[in-house]
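Enquirer: Quick one: structure below, then a few questions.
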Amino acid sequence: MAKLHFYYGVMSSSKSAMLGINAFNFSRTDNKWEAIKPATDNRDSDTDIVSRIGIKTKATALQNLDDYKPKRSTQFILVDEVQFFSSKDIEKLAQIADSTNITIFCYGLKVDSNGNLFPASAKLLAEADELHPMETVCEMPHCSAMASHHIRFDEQGNIIRGGNQVEVGASQYKSVCRKHFHELYDNPSAKLYKRICEINLQKTK
Ligand SMILES: [Zn+2]
C-alpha cells in the first residue's frame, strides 16, 4: 500500500511548478514517474503541464480514469488540476495506491469561485493520507493574509456569482483571503477596482 497525497491551494500557489520540480527530481534519481491531467485543462497545451513560471512537464490528458492503468514500472503518479476529475476518479486513485507501491501526488484547487469544494477535492480531503496546504498571500492590495478563496470577475470588475465550476480561461480570477472573499462575494454592489482588474488582466495575458 502506498500513499495518496493532496497538495491544495488557490490559483498561483505554485502547484504546477511544484509538480514539475518533483518530476525533475524523480528523473534525476532515476525514479519512474508518469503525469496525468484532465482533458478539460487544455489552457496552455493538450499534452504538457505548463506552470505560470514556465516549467513544462510531459503529461497524458484523460477524460476520466475509468480505463487508466499506470505502467508496470511506474513508482510515482503526478496529477495536475485534480479538481477537474470526478470523485469516482479519486476512488480509482485510492485503489491504485492501495493495491500497488505507487505513490500518488495530486495537485489542485480546494474551492471554486463560489466558495464551494470541488467534488474531487472533497473526496481527496476525505481519502488522502497526507494533506499539504500550499500557501500564498491574498491578492488584494496591502493584505498579508493567506489566500484561500477565488473571486471571479469580468472585464468591468463585476463579480461573477454562480455559474459552472469548470471554466478554464474564460474569465478572470483573483486569489483572496476568506475575509476579502466574503466582503466582495456577499455584497451585491461590490466591484473590484478597475485598476486591480487591469493589473490582473495584464498578468494573465
Ligand atoms: Zn485579503
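Enquirer: Run the paramagnetic zone check for residue 63: 7 angstrom along Cα to Cβ, then residues of region 17-40 with backbone nitrogen under 13 Å.
Expert: Hits in region 17-40 for residue 63 at 13 Å: 39-40.
Enquirer: Then there is this: Need the list of lysines near residue 191 for cross-linking: C-alpha distance under 26 angstrom, and skip anything on the same chain fewer than eight residues off.
Expert: Candidates past the 8-residue exclusion: 110, 174, 179, 203, 205.
Enquirer: Which percent, nearest 5, of DSSP beta bridges in the chain are antiparallel?
Expert: On the way: 12 of 33 bridges.
Roughly 35 percent of the DSSP beta bridges within the chain come out antiparallel.
Enquirer: Next question, about the same structure. Any idea what the dipole of the chain comes to, in debye rounded to 20, about its Cα centre with Lys/Arg Cβ at +1 and Asp/Glu Cβ at -1? Walk me through the numbers on the way to the answer.
Expert: Values: 26 positive and 25 negative charges, 84 e Å.
The calculation lands at about 400 debye.
Enquirer: Using a Förster radius of 25 Å, what is the FRET efficiency between residue 179 and residue 52 based on their Cβ-Cβ separation? Nearest 0.05, please.
Expert: Values: r = 25 Å, r/R0 = 1.00.
For residue 179 and residue 52, the calculated efficiency is 0.50.
Enquirer: What does the C-alpha gyration tensor say about the overall shape of region 1-121? Classify as rounded when a/c is under 1.5, otherwise prolate if a/b is larger than b/c, or oblate. Working shown, then result.
Expert: Values: a/c = 1.57, a/b = 1.13, b/c = 1.38.
Oblate shape, in that a/c is at least 1.5 and b/c is the bigger or equal ratio.
Enquirer: I would also like to ask the following. Using the Cα centre of region 4-133 as origin and beta-carbon charges of +1 (Lys, Arg) and -1 (Asp, Glu), tell me which of 53, 108, 85 is placed farthest towards the positive end of the dipole.
Expert: Of the listed residues, the answer is 53.
Enquirer: Further question: Return the Rg/Rh ratio of the chain with Cα-based radii and a Kirkwood Rh. Spell out each step's value before the answer.
Expert: On the way: Rg = 17.5 Å, Rh = 17.7 Å.
On the Cα set of the chain, Rg over Rh gives 0.99.
Enquirer: With contacts defined as alpha carbon pairs under 8 Å and 6 or more residues apart, what's the relative contact order of the chain in percent? Can you show the working numbers first?
Expert: Values: 411 pairs, mean separation 49.5, N = 205.
Rounded, it is 24 percent for the chain.
Enquirer: So, one more: Please compare each pair in 15/37; 15/71; 56/123; 37/69 to a cut-off of 20 Å on the Cα-Cα distance and tell me which ones are over it. Don't skip to the end; give the middle numbers.
Expert: On the way: 15/37 13 Å; 15/71 24 Å; 56/123 27 Å; 37/69 14 Å.
Cα-Cα > 20 Å for 15/71; 56/123; rest within.
Enquirer: Run lengths n ≥ 4 of DSSP H only: what is the helix-derived mean residue ellipticity at 222 nm for the chain, with -39500 (n - 2.57) per run over all residues, to the nearest 500? Numbers along the way, then the final one.
Expert: Working: 5 runs with 55 residues, N = 205.
Roughly -8000 deg cm²/dmol at 222 nm, from the helical runs in the chain.
Enquirer: Report the label-to-label distance for residue 125 and residue 86 in nanometres (one decimal), using points 7 Å from each Cα along the Cα→Cβ vector.
Expert: Result: 2.2 nm between the two label points.
Enquirer: Between residue 189 and residue 72, with labels modelled 7 Å along Cα→Cβ, what's the label distance in nm to one decimal, could you check?
Expert: Going by the 7 Å Cα→Cβ label model, 6.9 nm.
Every number here is computed from the coordinates shown, using simple stated rules; none is lab data. Please read all numbers here as calculations on a predicted model, not as lab measurements. Reconstructed Cβ throughout: ideal geometry from the backbone, glycine too, with neighbour counts over all protein chains shown.
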